[in-house]
Amino acid sequence: MAPISRTDRAVPRAIEPVTSEDVNARRAGLWAAGLTAAAALCGLAAIASNTVRSATEESPGPGVTAAAAVSLAPLVAVALLALAAALSRPALAGALTAGYGAVALGLTVLDVGLLRSPIDANRLELFRPNTAEVLDPAAGAYLFIASHVFAVVGGLFGLRAIDRASFGENYGHSAQAELVGRAAAIRIGGTLSALAAAAALLTAGAMFAPAYVSTDSIVLVPAVVQSALTTSIGSGLIALAVLVVVAAALASISPTVTSGVIAGAGLAVLGVFATRVIAGSASGPEIEVSAGSWLGTVAASVLVLVAALAFPSSTRRDRQGAAVRERRRASLPSGRSIHLHIAAGIGGAVAGVLLCAGGLLPVLDVPAGLPDPTILAARVALVAGFVLVLACVPMFFSLFAAATRPLLGVVAVAGVMAGAGVLQAVLMAIEIDGIAVGSGGVATGLGVIAAVVCGALVLLAGSAEREDVDTSEIRTDSKIGSVALLGGTMSAIGLGLPLYSGVDASAASFVDFPWGWDAWGQAVLAVTVVAATAVSARSRPARSTALLVGCVVAMIVYLLGWPLTQGRVSDPVVGAGAVVGVIGVVVLAVAALLSARRAQK
(Lines give C-alpha, C1' and ligand atoms only; values in the text may rest on other atoms or scores of the structure.)
Protein backbone atom coordinates (compact mmCIF):
# COMPACT_ATOMS: atom_id res chain seq x y z
CA MET A 1 0.00 0.00 0.00
CA ALA A 2 1.47 3.27 -1.07
CA PRO A 3 2.02 5.83 1.64
CA ILE A 4 -0.37 8.72 1.81
CA SER A 5 1.23 11.90 0.58
CA ARG A 6 0.74 15.25 2.27
CA THR A 7 -1.28 16.48 -0.69
CA ASP A 8 -3.76 13.62 -0.31
CA ARG A 9 -4.72 14.62 3.19
CA ALA A 10 -7.94 16.50 3.73
CA VAL A 11 -7.53 20.05 4.91
CA PRO A 12 -9.68 20.63 7.99
CA ARG A 13 -12.18 23.49 7.72
CA ALA A 14 -14.11 25.16 10.48
CA ILE A 15 -17.85 24.87 10.08
CA GLU A 16 -19.61 27.95 11.33
CA PRO A 17 -22.51 26.93 13.54
CA VAL A 18 -25.97 28.22 12.76
CA THR A 19 -27.37 29.55 16.02
CA SER A 20 -31.00 29.76 16.99
CA GLU A 21 -30.71 33.53 16.81
CA ASP A 22 -29.71 33.30 13.13
CA VAL A 23 -32.65 31.04 12.37
CA ASN A 24 -35.07 33.27 14.26
CA ALA A 25 -33.73 36.38 12.53
CA ARG A 26 -34.17 34.83 9.10
CA ARG A 27 -37.64 33.59 9.95
CA ALA A 28 -38.68 37.03 11.19
CA GLY A 29 -37.06 38.65 8.16
CA LEU A 30 -39.02 36.38 5.83
CA TRP A 31 -42.27 37.21 7.61
CA ALA A 32 -41.48 40.93 7.44
CA ALA A 33 -40.66 40.74 3.74
CA GLY A 34 -43.70 38.59 3.00
CA LEU A 35 -46.12 40.88 4.80
CA THR A 36 -44.63 43.92 3.07
CA ALA A 37 -45.02 42.14 -0.27
CA ALA A 38 -48.65 41.46 0.65
CA ALA A 39 -49.02 45.17 1.38
CA ALA A 40 -47.67 45.96 -2.08
CA LEU A 41 -50.13 43.54 -3.69
CA CYS A 42 -53.02 45.12 -1.79
CA GLY A 43 -51.82 48.53 -2.94
CA LEU A 44 -51.76 47.38 -6.56
CA ALA A 45 -55.28 46.02 -6.20
CA ALA A 46 -56.40 49.30 -4.60
CA ILE A 47 -55.08 51.36 -7.51
CA ALA A 48 -56.77 49.03 -9.97
CA SER A 49 -60.08 49.38 -8.10
CA ASN A 50 -62.36 52.37 -7.66
CA THR A 51 -61.64 54.32 -4.51
CA VAL A 52 -64.99 56.13 -4.45
CA ARG A 53 -68.44 55.67 -5.98
CA SER A 54 -69.77 58.70 -7.84
CA ALA A 55 -71.72 59.10 -11.07
CA THR A 56 -70.10 62.49 -11.78
CA GLU A 57 -66.52 61.68 -10.91
CA GLU A 58 -64.05 62.68 -13.57
CA SER A 59 -61.82 60.01 -15.07
CA PRO A 60 -58.21 60.46 -13.96
CA GLY A 61 -55.85 61.82 -16.56
CA PRO A 62 -52.44 60.36 -17.40
CA GLY A 63 -50.69 62.66 -14.95
CA VAL A 64 -52.98 61.59 -12.11
CA THR A 65 -52.47 57.94 -13.04
CA ALA A 66 -48.71 58.50 -12.89
CA ALA A 67 -49.10 60.00 -9.42
CA ALA A 68 -50.97 56.89 -8.27
CA ALA A 69 -48.13 54.72 -9.57
CA VAL A 70 -45.55 56.88 -7.78
CA SER A 71 -47.48 56.55 -4.52
CA LEU A 72 -47.05 52.78 -4.65
CA ALA A 73 -43.52 52.58 -6.09
CA PRO A 74 -41.71 53.02 -2.72
CA LEU A 75 -43.68 50.17 -1.14
CA VAL A 76 -42.91 47.89 -4.08
CA ALA A 77 -39.22 48.83 -3.86
CA VAL A 78 -39.09 48.12 -0.11
CA ALA A 79 -40.85 44.78 -0.59
CA LEU A 80 -38.49 43.65 -3.36
CA LEU A 81 -35.37 44.72 -1.46
CA ALA A 82 -36.59 43.02 1.72
CA LEU A 83 -37.38 39.79 -0.14
CA ALA A 84 -33.91 39.81 -1.69
CA ALA A 85 -32.20 40.35 1.68
CA ALA A 86 -34.42 38.20 3.94
CA LEU A 87 -32.28 35.03 3.87
CA SER A 88 -28.74 36.38 3.57
CA ARG A 89 -29.09 39.66 5.51
CA PRO A 90 -32.18 39.47 7.74
CA ALA A 91 -31.15 42.60 9.67
CA LEU A 92 -31.31 44.65 6.46
CA ALA A 93 -34.69 43.16 5.53
CA GLY A 94 -35.98 43.92 9.00
CA ALA A 95 -34.61 47.47 8.92
CA LEU A 96 -36.24 48.26 5.57
CA THR A 97 -39.65 46.98 6.65
CA ALA A 98 -39.41 48.54 10.11
CA GLY A 99 -38.65 51.97 8.67
CA TYR A 100 -41.50 51.77 6.19
CA GLY A 101 -43.89 50.25 8.73
CA ALA A 102 -43.36 53.11 11.18
CA VAL A 103 -44.53 55.63 8.58
CA ALA A 104 -47.32 53.30 7.44
CA LEU A 105 -49.00 53.72 10.82
CA GLY A 106 -49.59 57.38 10.02
CA LEU A 107 -50.62 56.50 6.48
CA THR A 108 -53.29 54.20 7.92
CA VAL A 109 -54.82 57.05 9.90
CA LEU A 110 -54.61 59.36 6.88
CA ASP A 111 -56.48 56.89 4.69
CA VAL A 112 -59.20 56.35 7.26
CA GLY A 113 -60.25 59.75 5.95
CA LEU A 114 -61.15 58.00 2.68
CA LEU A 115 -63.84 56.14 4.62
CA ARG A 116 -65.13 59.07 6.65
CA SER A 117 -65.17 61.80 3.98
CA PRO A 118 -63.43 60.96 0.68
CA ILE A 119 -63.89 64.44 -0.79
CA ASP A 120 -62.04 66.03 2.16
CA ALA A 121 -59.14 63.58 1.94
CA ASN A 122 -57.77 65.44 -1.13
CA ARG A 123 -56.37 62.28 -2.70
CA LEU A 124 -56.05 63.82 -6.14
CA GLU A 125 -53.86 60.95 -7.33
CA LEU A 126 -56.90 58.66 -6.97
CA PHE A 127 -59.90 60.77 -7.96
CA ARG A 128 -60.62 64.35 -8.96
CA PRO A 129 -64.11 65.47 -7.89
CA ASN A 130 -65.81 68.09 -10.05
CA THR A 131 -68.91 68.62 -7.90
CA ALA A 132 -69.65 68.86 -4.21
CA GLU A 133 -71.64 65.65 -4.41
CA VAL A 134 -71.17 63.33 -1.43
CA LEU A 135 -68.75 60.54 -2.33
CA ASP A 136 -68.96 57.04 -0.88
CA PRO A 137 -65.87 54.88 -0.31
CA ALA A 138 -65.47 51.92 -2.64
CA ALA A 139 -63.35 48.77 -2.48
CA GLY A 140 -60.14 50.63 -3.27
CA ALA A 141 -60.33 52.66 -0.05
CA TYR A 142 -60.55 49.50 2.06
CA LEU A 143 -57.72 47.90 0.12
CA PHE A 144 -55.48 50.90 0.80
CA ILE A 145 -56.09 50.57 4.53
CA ALA A 146 -55.44 46.83 4.36
CA SER A 147 -52.17 47.57 2.54
CA HIS A 148 -51.03 49.92 5.30
CA VAL A 149 -52.01 47.43 8.02
CA PHE A 150 -49.94 44.71 6.33
CA ALA A 151 -47.01 47.14 6.17
CA VAL A 152 -47.34 48.02 9.87
CA VAL A 153 -47.41 44.36 10.91
CA GLY A 154 -44.48 43.71 8.56
CA GLY A 155 -42.61 46.49 10.33
CA LEU A 156 -43.19 44.78 13.69
CA PHE A 157 -41.71 41.56 12.32
CA GLY A 158 -38.88 43.70 10.96
CA LEU A 159 -38.12 44.91 14.48
CA ARG A 160 -38.11 41.29 15.59
CA ALA A 161 -35.61 40.42 12.86
CA ILE A 162 -33.31 43.26 13.95
CA ASP A 163 -33.58 42.17 17.58
CA ARG A 164 -32.67 38.55 16.77
CA ALA A 165 -29.86 39.59 14.44
CA SER A 166 -28.36 41.80 17.14
CA PHE A 167 -27.34 38.67 19.07
CA GLY A 168 -25.03 37.61 16.24
CA GLU A 169 -21.27 37.93 16.68
CA ASN A 170 -20.79 40.19 13.64
CA TYR A 171 -23.59 42.62 14.47
CA GLY A 172 -22.08 46.10 14.59
CA HIS A 173 -18.61 44.75 13.76
CA SER A 174 -15.91 47.14 12.63
CA ALA A 175 -12.31 46.62 11.58
CA GLN A 176 -11.46 49.50 13.87
CA ALA A 177 -11.62 48.30 17.45
CA GLU A 178 -12.51 51.74 18.79
CA LEU A 179 -15.61 51.84 16.55
CA VAL A 180 -17.08 48.52 17.63
CA GLY A 181 -20.30 49.17 19.48
CA ARG A 182 -20.25 52.88 18.65
CA ALA A 183 -23.32 54.66 17.32
CA ALA A 184 -23.79 54.84 13.58
CA ALA A 185 -23.79 58.63 13.82
CA ILE A 186 -20.07 58.33 14.54
CA ARG A 187 -19.34 55.51 12.14
CA ILE A 188 -20.94 57.07 9.05
CA GLY A 189 -19.50 60.51 9.72
CA GLY A 190 -20.78 63.83 10.96
CA THR A 191 -21.80 65.14 7.53
CA LEU A 192 -24.19 62.31 6.72
CA SER A 193 -25.55 62.30 10.28
CA ALA A 194 -26.24 66.04 10.16
CA LEU A 195 -27.87 65.69 6.73
CA ALA A 196 -30.11 62.91 8.03
CA ALA A 197 -31.14 64.91 11.10
CA ALA A 198 -31.81 68.08 9.09
CA ALA A 199 -33.75 66.18 6.42
CA ALA A 200 -35.85 64.47 9.09
CA LEU A 201 -36.72 67.82 10.69
CA LEU A 202 -37.64 69.34 7.32
CA THR A 203 -39.71 66.30 6.39
CA ALA A 204 -41.59 66.44 9.67
CA GLY A 205 -42.26 70.15 9.25
CA ALA A 206 -43.43 69.68 5.66
CA MET A 207 -46.09 67.23 6.85
CA PHE A 208 -47.85 70.16 8.54
CA ALA A 209 -47.99 72.25 5.37
CA PRO A 210 -51.06 72.00 3.10
CA ALA A 211 -50.60 69.44 0.34
CA TYR A 212 -51.89 71.81 -2.37
CA VAL A 213 -52.80 75.42 -3.00
CA SER A 214 -56.33 75.41 -4.41
CA THR A 215 -58.59 78.11 -5.79
CA ASP A 216 -61.14 75.47 -6.83
CA SER A 217 -64.40 75.86 -4.91
CA ILE A 218 -64.79 72.07 -4.80
CA VAL A 219 -61.29 71.08 -3.69
CA LEU A 220 -60.75 72.77 -0.33
CA VAL A 221 -57.29 72.42 1.21
CA PRO A 222 -57.23 73.92 4.73
CA ALA A 223 -54.21 74.04 7.01
CA VAL A 224 -53.36 70.65 8.50
CA VAL A 225 -54.22 71.75 12.03
CA GLN A 226 -57.64 72.85 10.79
CA SER A 227 -58.29 69.75 8.69
CA ALA A 228 -60.22 66.64 9.60
CA LEU A 229 -58.99 64.73 12.63
CA THR A 230 -57.67 61.88 10.48
CA THR A 231 -55.56 64.32 8.46
CA SER A 232 -54.10 66.17 11.43
CA ILE A 233 -53.41 63.07 13.52
CA GLY A 234 -52.12 61.07 10.55
CA SER A 235 -49.77 63.88 9.52
CA GLY A 236 -48.52 64.19 13.08
CA LEU A 237 -47.88 60.45 13.35
CA ILE A 238 -45.92 60.44 10.09
CA ALA A 239 -43.83 63.41 11.21
CA LEU A 240 -43.15 61.81 14.59
CA ALA A 241 -42.33 58.46 12.97
CA VAL A 242 -39.70 60.00 10.69
CA LEU A 243 -38.01 61.79 13.57
CA VAL A 244 -38.02 58.78 15.89
CA VAL A 245 -36.84 56.44 13.12
CA VAL A 246 -33.92 58.66 12.12
CA ALA A 247 -32.90 59.24 15.75
CA ALA A 248 -33.01 55.51 16.46
CA ALA A 249 -31.12 54.75 13.25
CA LEU A 250 -28.30 57.15 14.13
CA ALA A 251 -28.10 55.60 17.60
CA SER A 252 -27.87 52.05 16.19
CA ILE A 253 -24.50 50.30 16.29
CA SER A 254 -25.04 48.65 12.90
CA PRO A 255 -24.56 50.77 9.76
CA THR A 256 -26.54 48.14 7.85
CA VAL A 257 -29.55 48.69 10.07
CA THR A 258 -29.06 52.44 9.89
CA SER A 259 -29.10 52.38 6.09
CA GLY A 260 -32.14 50.12 5.94
CA VAL A 261 -34.25 51.95 8.48
CA ILE A 262 -33.61 55.40 7.00
CA ALA A 263 -34.18 54.02 3.49
CA GLY A 264 -37.52 52.49 4.47
CA ALA A 265 -38.79 55.64 6.16
CA GLY A 266 -37.34 57.92 3.48
CA LEU A 267 -38.98 55.98 0.66
CA ALA A 268 -42.31 56.01 2.49
CA VAL A 269 -42.43 59.79 2.92
CA LEU A 270 -40.94 60.32 -0.54
CA GLY A 271 -43.96 58.46 -1.90
CA VAL A 272 -46.28 60.80 0.01
CA PHE A 273 -44.71 64.06 -1.14
CA ALA A 274 -43.76 63.06 -4.70
CA THR A 275 -47.32 61.88 -5.24
CA ARG A 276 -48.62 65.27 -4.16
CA VAL A 277 -46.23 67.06 -6.48
CA ILE A 278 -47.25 65.04 -9.52
CA ALA A 279 -50.97 65.02 -8.71
CA GLY A 280 -51.00 68.75 -7.99
CA SER A 281 -49.21 69.51 -11.24
CA ALA A 282 -51.67 67.38 -13.22
CA SER A 283 -54.93 68.48 -11.61
CA GLY A 284 -55.59 71.64 -13.58
CA PRO A 285 -54.85 75.36 -13.39
CA GLU A 286 -56.90 75.88 -10.21
CA ILE A 287 -54.69 73.58 -8.13
CA GLU A 288 -50.98 74.08 -7.54
CA VAL A 289 -48.37 72.20 -5.61
CA SER A 290 -47.66 73.77 -2.22
CA ALA A 291 -44.18 74.77 -1.11
CA GLY A 292 -44.47 72.19 1.68
CA SER A 293 -44.90 69.36 -0.82
CA TRP A 294 -41.82 70.48 -2.76
CA LEU A 295 -39.81 70.84 0.45
CA GLY A 296 -40.93 67.42 1.65
CA THR A 297 -39.95 65.82 -1.65
CA VAL A 298 -36.45 67.29 -1.48
CA ALA A 299 -36.00 66.40 2.20
CA ALA A 300 -37.24 62.84 1.70
CA SER A 301 -34.89 62.46 -1.28
CA VAL A 302 -32.01 63.53 0.97
CA LEU A 303 -33.01 60.83 3.46
CA VAL A 304 -32.90 58.19 0.74
CA LEU A 305 -29.54 59.51 -0.45
CA VAL A 306 -28.11 59.38 3.08
CA ALA A 307 -29.38 55.82 3.43
CA ALA A 308 -27.65 54.84 0.19
CA LEU A 309 -24.35 56.40 1.31
CA ALA A 310 -24.35 55.43 5.00
CA PHE A 311 -23.17 51.83 4.74
CA PRO A 312 -20.54 52.47 2.03
CA SER A 313 -19.25 55.39 4.07
CA SER A 314 -18.73 53.25 7.18
CA THR A 315 -17.17 50.47 5.08
CA ARG A 316 -14.74 52.90 3.46
CA ARG A 317 -13.68 54.16 6.87
CA ASP A 318 -12.94 50.59 7.96
CA ARG A 319 -11.03 49.77 4.78
CA GLN A 320 -8.92 52.91 4.92
CA GLY A 321 -8.19 52.43 8.59
CA ALA A 322 -9.35 55.94 9.39
CA ALA A 323 -9.98 55.65 13.09
CA VAL A 324 -12.58 58.00 14.43
CA ARG A 325 -11.17 59.72 17.48
CA GLU A 326 -12.81 61.86 20.07
CA ARG A 327 -11.33 65.35 19.94
CA ARG A 328 -12.03 65.94 23.56
CA ARG A 329 -12.69 62.87 25.59
CA ALA A 330 -15.19 63.84 28.24
CA SER A 331 -15.82 61.93 31.42
CA LEU A 332 -18.68 59.48 31.50
CA PRO A 333 -21.81 61.16 32.83
CA SER A 334 -22.66 60.48 36.43
CA GLY A 335 -25.84 58.79 37.50
CA ARG A 336 -27.22 62.12 38.71
CA SER A 337 -26.69 63.68 35.27
CA ILE A 338 -28.42 60.78 33.52
CA HIS A 339 -31.41 60.96 35.85
CA LEU A 340 -31.74 64.71 35.37
CA HIS A 341 -31.50 64.34 31.59
CA ILE A 342 -34.36 61.84 31.62
CA ALA A 343 -36.39 64.00 34.01
CA ALA A 344 -35.91 67.05 31.77
CA GLY A 345 -36.91 65.00 28.74
CA ILE A 346 -40.06 63.76 30.44
CA GLY A 347 -40.94 67.28 31.60
CA GLY A 348 -40.43 68.72 28.14
CA ALA A 349 -42.39 65.93 26.48
CA VAL A 350 -45.31 66.45 28.85
CA ALA A 351 -45.19 70.20 28.22
CA GLY A 352 -45.09 69.69 24.45
CA VAL A 353 -48.01 67.26 24.46
CA LEU A 354 -50.07 69.60 26.62
CA LEU A 355 -49.35 72.57 24.35
CA CYS A 356 -50.28 70.51 21.29
CA ALA A 357 -53.48 69.40 23.00
CA GLY A 358 -54.25 73.01 23.85
CA GLY A 359 -53.90 73.92 20.19
CA LEU A 360 -56.32 71.19 19.09
CA LEU A 361 -58.94 71.38 21.85
CA PRO A 362 -61.42 74.25 22.42
CA VAL A 363 -59.56 76.99 24.26
CA LEU A 364 -62.77 78.65 25.49
CA ASP A 365 -66.07 77.25 26.73
CA VAL A 366 -68.89 79.29 25.18
CA PRO A 367 -72.68 79.07 25.73
CA ALA A 368 -74.54 76.35 23.85
CA GLY A 369 -75.48 77.26 20.30
CA LEU A 370 -72.54 79.59 19.73
CA PRO A 371 -69.59 78.53 17.57
CA ASP A 372 -66.25 78.00 19.26
CA PRO A 373 -64.10 81.11 18.78
CA THR A 374 -60.79 80.70 16.98
CA ILE A 375 -57.80 81.61 19.13
CA LEU A 376 -55.07 82.14 16.55
CA ALA A 377 -52.31 82.15 19.16
CA ALA A 378 -53.09 78.46 19.77
CA ARG A 379 -51.55 77.70 16.37
CA VAL A 380 -48.18 79.01 17.54
CA ALA A 381 -48.54 77.03 20.76
CA LEU A 382 -49.22 73.90 18.71
CA VAL A 383 -46.04 74.44 16.69
CA ALA A 384 -44.02 75.18 19.84
CA GLY A 385 -45.38 72.06 21.53
CA PHE A 386 -44.48 69.87 18.59
CA VAL A 387 -40.95 71.29 18.41
CA LEU A 388 -40.60 70.83 22.18
CA VAL A 389 -41.52 67.15 21.91
CA LEU A 390 -38.92 66.68 19.18
CA ALA A 391 -36.24 68.42 21.24
CA CYS A 392 -36.90 65.97 24.09
CA VAL A 393 -36.19 62.83 22.05
CA PRO A 394 -32.35 63.00 22.38
CA MET A 395 -32.64 63.41 26.15
CA PHE A 396 -33.53 59.73 26.47
CA PHE A 397 -30.30 58.63 24.72
CA SER A 398 -27.18 59.01 26.83
CA LEU A 399 -25.09 59.45 23.68
CA PHE A 400 -26.90 62.66 22.70
CA ALA A 401 -28.46 63.97 25.93
CA ALA A 402 -25.59 66.09 27.24
CA ALA A 403 -24.83 67.68 23.87
CA THR A 404 -28.44 68.62 23.09
CA ARG A 405 -29.52 69.62 26.61
CA PRO A 406 -28.87 73.38 26.08
CA LEU A 407 -31.11 73.38 23.00
CA LEU A 408 -34.00 71.93 25.03
CA GLY A 409 -33.68 74.69 27.61
CA VAL A 410 -34.15 77.47 25.06
CA VAL A 411 -36.95 75.63 23.23
CA ALA A 412 -38.77 75.17 26.55
CA VAL A 413 -38.77 78.95 26.99
CA ALA A 414 -40.20 79.27 23.47
CA GLY A 415 -43.02 77.01 24.66
CA VAL A 416 -43.65 79.36 27.58
CA MET A 417 -43.72 82.32 25.18
CA ALA A 418 -46.19 80.62 22.83
CA GLY A 419 -48.43 79.46 25.67
CA ALA A 420 -48.46 82.95 27.19
CA GLY A 421 -50.04 84.30 24.02
CA VAL A 422 -52.91 81.84 24.36
CA LEU A 423 -53.38 82.63 28.04
CA GLN A 424 -53.56 86.35 27.26
CA ALA A 425 -56.46 85.68 24.86
CA VAL A 426 -58.15 83.52 27.50
CA LEU A 427 -57.71 86.21 30.14
CA MET A 428 -59.41 88.77 27.92
CA ALA A 429 -62.23 86.44 26.82
CA ILE A 430 -63.33 85.24 30.24
CA GLU A 431 -64.17 88.82 31.20
CA ILE A 432 -67.25 88.39 28.97
CA ASP A 433 -70.26 86.89 30.72
CA GLY A 434 -70.95 83.28 29.79
CA ILE A 435 -67.45 82.48 28.53
CA ALA A 436 -65.19 80.22 30.58
CA VAL A 437 -61.86 78.50 30.15
CA GLY A 438 -62.11 75.45 27.89
CA SER A 439 -60.16 72.22 27.97
CA GLY A 440 -57.62 73.64 25.52
CA GLY A 441 -56.99 76.63 27.76
CA VAL A 442 -56.46 74.38 30.78
CA ALA A 443 -54.07 72.18 28.80
CA THR A 444 -52.12 75.24 27.64
CA GLY A 445 -51.78 76.56 31.18
CA LEU A 446 -50.51 73.20 32.43
CA GLY A 447 -48.18 73.04 29.43
CA VAL A 448 -46.62 76.39 30.35
CA ILE A 449 -46.06 75.18 33.92
CA ALA A 450 -44.51 71.95 32.65
CA ALA A 451 -42.24 73.93 30.30
CA VAL A 452 -41.00 76.02 33.23
CA VAL A 453 -40.27 72.82 35.17
CA CYS A 454 -38.44 71.44 32.13
CA GLY A 455 -36.29 74.57 31.95
CA ALA A 456 -35.40 74.27 35.62
CA LEU A 457 -34.43 70.62 35.21
CA VAL A 458 -32.25 71.54 32.24
CA LEU A 459 -30.36 74.02 34.41
CA LEU A 460 -29.92 71.40 37.15
CA ALA A 461 -28.68 68.88 34.59
CA GLY A 462 -26.16 71.42 33.31
CA SER A 463 -24.88 71.98 36.83
CA ALA A 464 -24.49 68.23 37.31
CA GLU A 465 -22.60 67.92 34.02
CA ARG A 466 -20.09 70.57 35.06
CA GLU A 467 -19.29 68.52 38.15
CA ASP A 468 -18.16 65.68 35.88
CA VAL A 469 -15.74 67.65 33.69
CA ASP A 470 -12.72 69.89 34.07
CA THR A 471 -13.92 73.36 33.05
CA SER A 472 -10.55 75.02 33.64
CA GLU A 473 -9.45 74.22 30.06
CA ILE A 474 -12.45 75.92 28.43
CA ARG A 475 -11.40 79.04 26.55
CA THR A 476 -13.57 81.96 25.52
CA ASP A 477 -13.92 82.45 21.77
CA SER A 478 -14.31 86.19 21.27
CA LYS A 479 -15.17 85.94 17.56
CA ILE A 480 -18.06 83.53 18.09
CA GLY A 481 -19.12 85.45 21.16
CA SER A 482 -19.31 88.73 19.26
CA VAL A 483 -21.35 87.28 16.40
CA ALA A 484 -23.63 85.39 18.78
CA LEU A 485 -24.23 88.40 20.99
CA LEU A 486 -25.06 90.53 17.95
CA GLY A 487 -27.58 87.93 16.81
CA GLY A 488 -29.04 87.69 20.30
CA THR A 489 -29.39 91.44 20.58
CA MET A 490 -31.09 91.71 17.19
CA SER A 491 -33.43 88.87 18.15
CA ALA A 492 -34.32 90.56 21.43
CA ILE A 493 -35.11 93.79 19.57
CA GLY A 494 -37.26 91.80 17.15
CA LEU A 495 -39.12 90.27 20.07
CA GLY A 496 -39.79 93.72 21.47
CA LEU A 497 -41.24 95.15 18.25
CA PRO A 498 -44.60 94.09 16.73
CA LEU A 499 -44.52 91.24 14.23
CA TYR A 500 -47.26 92.86 12.18
CA SER A 501 -49.75 95.67 12.35
CA GLY A 502 -53.15 96.35 10.86
CA VAL A 503 -55.84 98.96 10.64
CA ASP A 504 -57.40 98.11 13.98
CA ALA A 505 -54.61 96.49 16.02
CA SER A 506 -51.07 95.16 16.00
CA ALA A 507 -49.15 92.25 17.47
CA ALA A 508 -47.87 92.40 21.04
CA SER A 509 -44.77 94.50 21.67
CA PHE A 510 -42.80 96.10 24.47
CA VAL A 511 -43.93 99.61 23.57
CA ASP A 512 -47.55 99.01 24.56
CA PHE A 513 -48.30 99.43 28.27
CA PRO A 514 -49.40 97.75 30.39
CA TRP A 515 -47.87 94.53 29.15
CA GLY A 516 -50.09 91.53 28.62
CA TRP A 517 -49.05 87.96 29.22
CA ASP A 518 -48.06 87.66 25.57
CA ALA A 519 -45.61 90.56 25.87
CA TRP A 520 -44.21 89.11 29.11
CA GLY A 521 -43.68 85.80 27.31
CA GLN A 522 -41.75 87.57 24.57
CA ALA A 523 -39.69 89.41 27.17
CA VAL A 524 -38.75 86.16 28.91
CA LEU A 525 -37.65 84.69 25.58
CA ALA A 526 -35.67 87.85 24.75
CA VAL A 527 -33.76 87.65 28.05
CA THR A 528 -33.15 83.94 27.50
CA VAL A 529 -31.78 84.42 23.99
CA VAL A 530 -29.41 87.21 25.05
CA ALA A 531 -28.22 85.20 28.06
CA ALA A 532 -27.74 82.08 25.94
CA THR A 533 -25.66 83.93 23.35
CA ALA A 534 -23.51 85.45 26.08
CA VAL A 535 -22.92 82.05 27.69
CA SER A 536 -22.23 80.31 24.37
CA ALA A 537 -18.82 81.95 23.95
CA ARG A 538 -17.65 80.46 27.26
CA SER A 539 -19.19 77.02 26.73
CA ARG A 540 -17.72 73.83 25.39
CA PRO A 541 -18.03 73.79 21.58
CA ALA A 542 -20.82 71.20 21.38
CA ARG A 543 -22.85 72.94 24.09
CA SER A 544 -22.25 76.32 22.48
CA THR A 545 -23.57 75.04 19.16
CA ALA A 546 -26.63 73.52 20.83
CA LEU A 547 -27.37 76.79 22.62
CA LEU A 548 -27.20 78.80 19.43
CA VAL A 549 -29.28 76.29 17.47
CA GLY A 550 -31.85 76.42 20.25
CA CYS A 551 -31.99 80.21 19.91
CA VAL A 552 -32.52 79.87 16.15
CA VAL A 553 -35.34 77.36 16.65
CA ALA A 554 -36.99 79.47 19.34
CA MET A 555 -36.91 82.58 17.14
CA ILE A 556 -38.36 80.65 14.20
CA VAL A 557 -41.26 79.58 16.40
CA TYR A 558 -41.83 83.22 17.30
CA LEU A 559 -41.58 84.43 13.71
CA LEU A 560 -44.14 81.84 12.62
CA GLY A 561 -46.62 83.95 14.55
CA TRP A 562 -46.70 86.28 11.54
CA PRO A 563 -48.35 83.88 9.05
CA LEU A 564 -50.27 81.97 11.73
CA THR A 565 -51.89 84.85 13.64
CA GLN A 566 -51.99 87.81 11.26
CA GLY A 567 -55.68 87.12 10.68
CA ARG A 568 -56.53 88.83 13.96
CA VAL A 569 -56.01 92.27 12.36
CA SER A 570 -57.45 93.87 9.25
CA ASP A 571 -55.12 94.52 6.31
CA PRO A 572 -52.01 93.16 8.04
CA VAL A 573 -48.56 94.34 7.02
CA VAL A 574 -45.16 93.06 8.08
CA GLY A 575 -43.93 94.75 11.23
CA ALA A 576 -40.46 95.83 12.25
CA GLY A 577 -40.26 92.89 14.65
CA ALA A 578 -40.41 90.39 11.79
CA VAL A 579 -37.70 92.15 9.79
CA VAL A 580 -35.29 92.59 12.71
CA GLY A 581 -36.10 89.10 13.98
CA VAL A 582 -35.21 87.49 10.65
CA ILE A 583 -31.89 89.34 10.64
CA GLY A 584 -31.24 88.09 14.17
CA VAL A 585 -31.98 84.51 13.13
CA VAL A 586 -29.53 84.74 10.22
CA VAL A 587 -26.77 86.10 12.46
CA LEU A 588 -27.46 83.43 15.08
CA ALA A 589 -27.29 80.74 12.39
CA VAL A 590 -23.88 82.06 11.29
CA ALA A 591 -22.68 81.96 14.90
CA ALA A 592 -23.94 78.38 15.22
CA LEU A 593 -22.00 77.36 12.10
CA LEU A 594 -18.84 78.99 13.43
CA SER A 595 -19.29 77.18 16.74
CA ALA A 596 -19.82 73.87 14.94
CA ARG A 597 -16.57 74.38 13.03
CA ARG A 598 -14.80 75.07 16.31
CA ALA A 599 -16.15 71.77 17.67
CA GLN A 600 -14.62 69.89 14.74
CA LYS A 601 -11.12 71.26 15.26
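The values are calculated or read from the model by the stated rules, or taken from the named source; none is laboratory data. This structure is a prediction, so every number in the text was calculated from the model and none was measured. Each accessible area value is taken on the protein alone, full model and side chains, heavy atoms only, with ligands, DNA and RNA left out. Shrake-Rupley method; radii C 1.70, N 1.55, O 1.52, S 1.80 Å.
Points worth noting:
- Relative contact order %, the range 377-532, counting alpha carbon pairs below 8 Å whose residues are six or more apart: 27
- Accessible-area order (highest first, 1.4 angstrom probe) of the listed residues 504, 163, 518: 504, 163, 518
- 273, 400, 150, ranked by accessible area, largest first (probe 1.4 Å): 150, 400, 273
- Computed over protein heavy atoms with a 1.4 angstrom probe, the accessible surface ordering of 253, 145, largest first, is 253, 145.
- With DNA, RNA and ligands ignored, accessible area of residue 186 (1.4 Å probe; Å², nearest 10): 40
- Share of carbon and sulfur in the accessible area of the range 535-574 stands at 63%, probe radius 1.4 Å.
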